[in-house]
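Here's the structure we're looking at; comments come further down.
The values are calculated or read from the model by the stated rules, or taken from the named source; none is laboratory data. Since the model is a prediction, treat every value here as computed from it, not as a measurement. Don't worry about glycine lacking a Cβ; one is built from the backbone with ideal geometry, like all the others, and counts go over all protein chains shown. The accessibility values were calculated without ligands, DNA or RNA, using every heavy atom of the protein model including side chains. Shrake-Rupley method; radii C 1.70, N 1.55, O 1.52, S 1.80 Å.
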Amino acid sequence: MAKRYESDRTRKEKMELEREKLSGMNLSGKLEYIWTYYKPVIFGVIAVIALILIIRNLVENSKYYDILSIGVANSSNIGSMEPLEEELLEQFGDPEDKYQQVGVDTSYSFGSDMNNGDYNTMMKFAAVTAAQGMDILICNEDVYEHYDEQEYFMDLTELLSEEECQKYNLTKGDTGLDITNLARYQKMNLTSYEPVYLAVMVNAQNLDTTKAFINYLEEDN
């Protein structure tokens, strides 16, 4: 009778042979055998699982969107913005929409002189604003004047109602709102300089929430 090689066996026979080999081994022997002969399969399964998890996370994260995005120049607050973001989300968001979010970015450290402003910060600011990723900029006077001259900011009389403009002493052409002494802004503890200006980016996407945020800050004053 011709000798049968393992390659000649059927899949079922090969599986039965593997079971026989494993049944005669102790636990450490089984683990060593599986690791030695099935290492590529194990890594392949891990890679597939990891890829599935990555894709699932990417799909899930793509569903999130900002209802308000605030940049803060030369912030003195080095703590987490998450509590403030959650507070603002609760104030302006839809509780039934779990994908809404509010972003407060305090990483814009321009420095004290805009003529020699931090290059990386200025490049980031240009990129974010070009991508319409910022609705509001909170900043000191030097930063405000620098970008106001370049027409980065919206005329606030085009955003707010006539009654609101009268209340906040705004006239046509005004692009900045002095929020230095507003109680709700001071409570946020974002900056230590004075005066503090709020400006709305000319290409802001979330105008309804932006307007609501301005009125929210002004409410108790």
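Any idea what angle helix 82-92 forms with the longest principal axis of the chain, computed on alpha-carbon atoms, 0 to 90 degrees, nearest 10?
For helix 82-92, the angle is close to 70 degrees.
Determine the calculated [θ] at 222 nm for the chain from helices alone, applying -39500 (n - 2.57) to every DSSP H run no shorter than 4 residues and normalising by the residue count; nearest 500 deg cm²/dmol.
-15000 deg cm²/dmol
Kirkwood hydrodynamic radius of the range 100-221 from all distinct Cα pairs, in Å? Intermediate values should be presented prior to the final figure.
Numbers: mean 1/r = 0.0668 Å⁻¹.
Over the range 100-221, the inverse of the mean reciprocal pair distance is 15.0 Å.
Using unit Cβ charges (K, R positive; D, E negative) and no other charged atoms, how large, in debye to the nearest 20, is the dipole of the range 79-221 about its Cα centre?
Around 220 debye, computed over the range 79-221.
May I have the extent of the alpha carbons of the range 142-212 along their three principal axes, as whole Å values ordered from largest to smallest?
Projected onto the principal axes, the Cα atoms of the range 142-212 cover 29, 28, 23 Å.
Rank M81, M122 by accessible area, highest first, at a 1.4 Å probe radius?
Ranked list, largest accessible area first: M122, M81.
With unit charges on the beta carbons (Lys and Arg positive, Asp and Glu negative) and the dipole taken about the Cα centre of the chain, which residue among N77, Q100, I54 sits farthest to the positive side?
I54
At 37 °C and 0.692 mPa s, what whole-number value in µm²/s does Stokes-Einstein give for the translational diffusion of the range 18-144, with Rh from the Kirkwood sum over Cα pairs?
In µm²/s, the coefficient rounds to 169.
For the chain, restrict the atom set to alpha-carbon positions and state the Rg and Dmax in Å.
Cα radius of gyration and Dmax of the chain are 29.8, 105 Å respectively.
Averaging sequence separations of C-alpha pairs under 8 Å and six or more residues apart, then dividing by the length of the range 98-221, give the relative contact order as a whole percent.
31
Can you give the charge dipole size of the range 182-221 about its Cα centre, rounded to the nearest 20 debye, using +1 on the beta carbon of Lys and Arg and -1 on the beta carbon of Asp and Glu? Could the numbers behind the result be given before it?
Details: 3 positive and 5 negative charges, 20 e Å.
Value, rounded to 20: 100 debye.
How are the C-alpha pair distances of the range 13-71 spread across 10 Å bins, as whole percents from the shortest bin up?
18, 26, 20, 15, 11, 7, 4
Please check the chain for the longest run free of trypsin sites (Lys or Arg not before Pro) that are loop-located per DSSP (anything but H, G, I, E, B) and have at most 13 other Cβ atoms within 10 Å.
The segment 99-171 is the longest one with no such site.
How many nm is it between the label spots at L53 and Q91, if each spot is 7 Å from the Cα in line with the beta carbon?
3.8
My understanding is that a pair violates if its Cα-Cα distance is over 27 Å; which of K187/K211; K98/K167; K124/K167 do that in this structure?
Pairs exceeding 27 Å: K98/K167; K124/K167.
How high is the relative contact order of the chain? Use alpha-carbon pairs under 8 Å, at least six apart in sequence, and give a whole percent.
Once divided by the residue count of the chain, the mean separation gives 20 percent.
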